[in-house]
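Read the structure below first, then the notes.
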């Protein structure tokens, strides 16, 4: 259950990062409101998950999902540059997170 919280928190991190861009420096109301909601949800779920999980692997999964998800969202929906190096780098982030998970350091 704790890992499910981390995964959802990571997806919400993607949401708050995208809304941060769409808020244009907090000058647009609804993206700013959405940013606040996603950030509160993301940090709240991560906080709950950390009651049961080691901080290193949980934080790595959270940030990995957020970073990879945000980069992918940007390329697919926001017109961010798509390159082979960017896709390989996203893959490395995901592989690194999986490696931490497989290291056996989680409960």
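Every number here is computed from the coordinates shown, using simple stated rules; none is lab data. Computed from a predicted structure; not experimentally measured. Virtual Cβ from ideal backbone geometry, glycine too; neighbours counted across all protein chains shown.
Some observations on this one:
- Burial ranking of peptide ranges 92-101, 60-69, 22-31, 39-48 (average Cβ count within 10 Å, highest at the top): 60-69, 39-48, 92-101, 22-31
- Computed per residue of the chain from DSSP H runs no shorter than four, each worth -39500 (n - 2.57), the mean residue ellipticity at 222 nm is -27000 deg cm²/dmol.
- Of the two radii for the chain, the radius of gyration is 1.02 times the Kirkwood radius, both from the alpha carbons; that is the Rg over Rh value.
- Full extension of the chain between residue 85 and residue 24 yields a length gain of 19.2 nm, computed as 0.36 nm times the residue separation minus the alpha carbon distance.
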